[in-house]
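The values are calculated or read from the model by the stated rules, or taken from the named source; none is laboratory data. Only a predicted model underlies this, so the values are computations on that prediction, with no experimental measurement involved. Here the Cβ positions follow ideal geometry from the backbone for every residue, glycine too, while neighbour counts run over all protein chains shown. The area values use the complete protein model at the heavy-atom level, side chains included, leaving out ligands, DNA and RNA. Shrake-Rupley method; radii C 1.70, N 1.55, O 1.52, S 1.80 Å.
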Amino acid sequence: QHLNFGWFAMVMGLCGLSLAWHRAVPHWGRAALLVSAAVGVLAGAVLVALLLATLWRAVRFPAQVLEDVRHPLRHVFVAALPSSLVLIATVCVAHAGDSPWADALWMLGSASLMLVTVGVIQRWFQPGLTAAGFWSAMTPALFIPVVGHVLPALAGVSLGHPVWAAAQYGIAAVLWPVALALVWVRIGTVGMWPQRMLPSTFITIAPPSVLALSGVQLGLPAVWVHMLWGVAVLFTLVSMTQFKRSLAQPFGIPFWGMSFPLAASAALCLYLAPAQGVAQILAVAWLLFVTVVIGGLLLATVLGL
């Protein structure tokens, strides 16, 4: 009954960790590839379990599903489902290359993400929407549907859909500054988001990180990739100032909001790091830290269940 769409953030985090370890293959070779594959299989298993549970929930508790879709805060987490489909397809492509199954998952997730984003934005134009109702939804979780459009480009070019991947990349590139400005204004006018959503602060790391990684697939100039990496580093440092406060509260699914952004930043650092030197050591150390964090989240979830 209480299985909301935010649970799919687990799949996003595990997929992100799998892709980050895949980026570590040039540094650690086959060992990194095996870790990446194992985490990817786990992400697939979690996705299947959550899809079956969500289907069961839709049959047994349709009113609660509709409540999540219409909720002023929780509705943005619906985008975590199509984002998970896109990321699973990306993991499949990374390890097994092109396949009809990966292509089908990618197209389903990409199209669904577009529909969910339309649903999120059209709420802003509803008659009778109050200022309080509008600003309550302006949290970093807004980046999931709005900037989630940057995810399809990770595998879209390899799957033979470069035009559509670039189109969705453009949506993310345009809406990210808009969403970021709205979140900043919300802080200045209404204040921070609820304490339970404090881990969602880490979601601010994801847009610049994935814009850079996806931009590489679309031929983005290296200077732009480095600029986006700089922005990602800034938001990583800012988010880490909230790390202790986030962990100080009882564990809940919102904690998974920090998993994918951290993994995305690790993947970008590994991509940019040379084969040897201080930068490589720092990038690998960051990957290990992110792995420990996501492992801790997974253990806490199992214990919570």
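If you scan the range 58-70, which residues turn out to be surrounded by fewer than 18 Cβ atoms within 10 Å (Cβ to Cβ) and either in contact with a helix residue (DSSP H, G or I) (Cβ under 6 Å, 6 or more places away or on another chain) or within 14 Å of VAL116 (Cβ to Cβ) (or both)? Scanning the range 58-70 gives ALA58, VAL69, ARG70. Being open to solvent by 30 Å² or more (accessible area, probe 1.4 Å), among the hydrophobic types (A, V, I, L, M, F, W, C), assigned to a helix (DSSP H, G or I) and touching a Phe, Trp or Tyr at 6+ places or on another chain (Cβ under 8 Å) is the requirement here; does LEU55 meet it? No, not satisfied.
For LEU33, state whether it is in a helix (DSSP H, G or I), surrounded by fewer than 18 Cβ atoms within 10 Å (Cβ to Cβ) and modelled with pLDDT of 95 or more.
Numbers: in a helix (DSSP H, G or I): yes; surrounded by fewer than 18 Cβ atoms within 10 Å (Cβ to Cβ): yes; modelled with pLDDT of 95 or more: yes.
Yes, satisfied.
Among the residues of the range 263-289, those identified as over 20 Å from LEU33 (Cβ atoms), small (Gly, Ala, Ser) and without any contact (Cβ under 8 Å) to a residue 24 or more places away in the chain are GLY277, ALA279.
When the range 100-126 is filtered for residues that are among the polar types (S, T, N, Q) and touching a Leu at 6+ places or on another chain (Cβ under 9 Å), the ones remaining, listed by number, are SER110, SER112, THR117.
Residues PHE255, PHE235, PHE202, PHE260: which one is within 27 Å of MET138 (Cα to Cα), surrounded by 19 or more Cβ atoms within 10 Å (Cβ to Cβ) and free of Cβ contacts under 8 Å to residues at least 40 places away in the same chain?
Details: PHE255 fails: free of Cβ contacts under 8 Å to residues at least 40 places away in the same chain; PHE202 fails: free of Cβ contacts under 8 Å to residues at least 40 places away in the same chain; PHE260 fails: free of Cβ contacts under 8 Å to residues at least 40 places away in the same chain.
Among PHE255, PHE235, PHE202, PHE260, only PHE235 is within 27 Å of MET138 (Cα to Cα), surrounded by 19 or more Cβ atoms within 10 Å (Cβ to Cβ) and free of Cβ contacts under 8 Å to residues at least 40 places away in the same chain.
With respect to MET114, determine if the residue is closer than 21 Å to PHE260 by Cα and not in a helix (DSSP H, G or I). No; evaluated as a whole, the condition is false for this residue.
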